[in-house]
Every structure is written in C-alpha cells, then in structure tokens.
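Taken together, the values in this text are just the output of simple stated rules run on the coordinates, not laboratory data. Please read all numbers here as calculations on a predicted model, not as lab measurements. Cβ sites come from the backbone with ideal geometry, for glycine too, and all protein chains shown count toward neighbours.
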Amino acid sequence: MKRINVRLAYHSYPILVGTDLDSQLKGLLKIHLGSNRLFLFFDSAVYALYGQKLEKTLAGNKVNHVSFVIPSGETSKSHSTLQKIYDYLLTEKISRTDFILAVGGGVATDLVGYAAATVLRGVKWGAVPTTLLGLVDAAIGGKTGINHARGKNLIGAFWQPSFVICDLKFLPTLPKREFVAGLGEVLKYSGLAGPKMNSMLQDYLKSGNLLNLNKLQPLVQMCAEFKVKIVMADEKESDKRMFLNFGHTFAHAIEKTLGYGKLLHGEAVILGLSAAVKLSKKVKPLFAASLDIYENQVIQFLEFVRYYPLQTENVLNNMKIDKKRAGQIQKFVLLERPGKPFIASGLKQTTVRESLKECLTLYKEVCENNG
Ligand code: NAD
C-alpha cells in the first residue's frame, strides 16, 4: 500500500492506494468519527456489488452508520438528487461532527462531496472511489459539484476530503468501457509525467491483461501523485492545474459533436490526446521525434475506442463556440516531450485543423483494422 500526503495551506490528508484496504478504512473512520455517526452514500451498482459486505464490516466494528443509495449514472449529478440528499441528511438530523463517506465513481464522489461541502456549511467527508477514473482523477483534488441544464460541473465547490481510499479491489467488476475510459486519463498522466511512467504503462499493456492489478497499482499511484503535486501547487486551478487539461480541448469538442452519451469522456480523451500529440509535433517540430514512443502508446489505446464518424469542421466549430462563450482565447496544453508540457495559444487555425484531421483519419484506420 502507498500513502500519498496531500499538504495544503489549511488542511492535510492522506490518499491510500492499494488492494483490499478495508482495515485502513476502518482505522481512518475510527480517527475521524469518534462516537459520531457515519452517513454512507453508495452508487447503486456499487451498493449491489459491495454495499452489504461493507455495512456488515462496519456493524461488526460498532460503527454507527446509515446508508443512502444514489441511482448510478451522470443524471444523478443533479440538483434534484442533491435536494434528496439534503432532505435525507436534515431529516436524519446530521450534525457538524458527523462524517460523510462517498463510495462510487466520479458521479458519487462529486455529488456527495458537494453535499458535504454545503450541508450545515460543511461537514467532514471521505471518498472511496470505485472506478479507475475515480481512483486516478475524480476523487483526487477536492473538486466537488453537480451539473446544470446549461452545462456540466457548473455548480460546485472546492471541499477537500479527510481521506481518499483508492482500493483497486473494486476494478474487476467495472464494465470494460468504463475501465478504458479510466485508462484514457492514465494515458494523459503518462504524457505529462514522462518516460518512467511511459515505460511502466508499456509494460502493463504488454502483459495483455488490463486487470493485471500488480502492474496497474503503481500506475494508479503515479497518477494520484502527479495530480496531488499539481493540486498542492495550485489548489484552485489558476495556472498549473491547467496542465491536467492535456487532450481535453479536443476531447470536449468531440464529445459535444457526437452528442453526450456516445463516447464516454475518457474515451474522447484518448482521441483528444492523439490530436494534441499531432499538434505538439507541428508546433515544436524540432522535438517531434521525442514524442514517437508516446504517440505509439496513444495509437494502442485508440484500438479500445468504438468508432463513430466525426467531421473535422464540426469538431472545430464546437471548439470555437466553447471558447467564444467563455470569452477566452483558444489555449492548448501540448507536449515538448513526455514530461514537459507547455501551454500554447494563438495557434494558426490551419495547424489545428490539420492535426485534428490526421487524428480522425487515424482513428478511422485503427478502428477499421480492428474490425
Ligand atoms: P460514474 O461515477 O458514472 O461510474 C461509471 C459507471 O460505473 C456507473 O454506471 C457506475 O454505476 C459503475 N460503477 C462504478 N464503480 C463500479 C464497480 N466497481 N463495479 C461495477 N460498476 C461500477 O463515472 P466515472 O467515470 O467514475 O466519473 C465520471 C464523473 O466524474 C463525471 O461526472 C465527471 O465530471 C467527474 N469528474 C470529476 C473530477 C473532479 O476533479 N472532481 C475529475 C474527473 C471527472
């Protein structure tokens, strides 16, 4: 097991990464709960698979707890589900010394974290992510929130948890597409973190078994460590945290062009990374060769993504609309080489178009070859 310490100006807490971390969870709850009550929140699919076992363990340890199950799916990250959570917590007379625990993917940790941030002006909480995306990204960094009819994640708060338990034992039951979506973010970190993580990822892929937890665990650790380092330097996302958007400018536009619900976000990130690498090579041609190994990795990941036809111009238009609405100039996180990201702005539209076009052609070819 690996312990990563998140040290912020006003709050420090551990992130534990490993397999079968129930005893660590019990230990941390003991510290944070005392004689107070635990409010457990589960994603419904996770509750069906793991809920009763966890409740039994807690009851065996005389933890005074109650459970609430959230319907799985992005639609739960809504004002109406949040309202139900408030109603429940207030009816149960939660006090500020009680503790909230979210068990599930990014939907559960974002939603429940936000409920914890706002009910009674803030109650302590912990996160037990159960998706790969949750382990490497959503549960790390203290960003919580819900969606609004006008867009995703528009309502929220920074509310750091008291601990995060990244337990890989949940991953074998995750649907394959959700797993691949999480791998998309791992691939992003691999580009940002550099050659060491690149070769660990290669080694993991070579093993031919995506559920090789022994090889996956050090990768999850590196992702969490990388994000923690950035969060510690820039908790509220003013500059450095932007690097975490590597591949995302393209990915968001791709998701929007297809209509939400076709490609999962992490799948779109894989495509976005492919376009971002191509753009990086054009913007800094002298360094292009240093991105070859990483680009090959991105191609291997493209094989996991199901094919949807996409028109370059439609994706470009969606990228422009997004930026215009936000009143910002178009910025891209690019790589000089693995481990050396930089922010590029004011790029020629033709260069962006060419990179995207090449990426979409490659996507088609890879998917056709894959049948
Ligand atoms: P999710 O929470 O919707 O989970 C995906 C699916 O997997 C769901 O159907 C869920 O029921 C199921 N599931 C979860 N764990 C399982 C398990 N162990 N076994 C079987 N099924 C399981 O999706 P996600 O990809 O984890 O998270 C996406 C959300 O995370 C988005 O809303 C996104 O905005 C948010 N997010 C937040 C941050 C952040 O910094 N706060 C970062 C990235 C993403």
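Values computed for the structure shown
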| read-out | value |
| --- | --- |
| Pairwise FRET efficiency - Glu74 versus Ser23, Cβ, R0 = 41 Å, nearest 0.05 | 0.80 |
| Label-to-label distance, nm, for residues given as Asn209 and Phe158 (7 Å Cα→Cβ offset) | 4.2 |
| Inter-centroid distance (Cα atoms) of the range 20-82 relative to the range 285-363, Å | 40 |
| Above-threshold pairs, the threshold being 31 Å between Cα atoms, out of Lys169/Lys340; Lys2/Lys188; Lys84/Lys152; Lys53/Lys124; Lys77/Lys227 | Lys169/Lys340 |
| Hydrodynamic radius (Kirkwood) for the range 176-369, which is based on Cα pairs only, to one decimal in Å | 16.8 |
| Residue-averaged [θ]222 nm for the chain, counting only DSSP H segments that reach four residues, each worth -39500 (n - 2.57) | -15500 deg cm²/dmol |
| Most positive-pole-ward Cα, Pro172, Ala138, Cys359, against dipole of the chain from beta carbon charges | Ala138 |
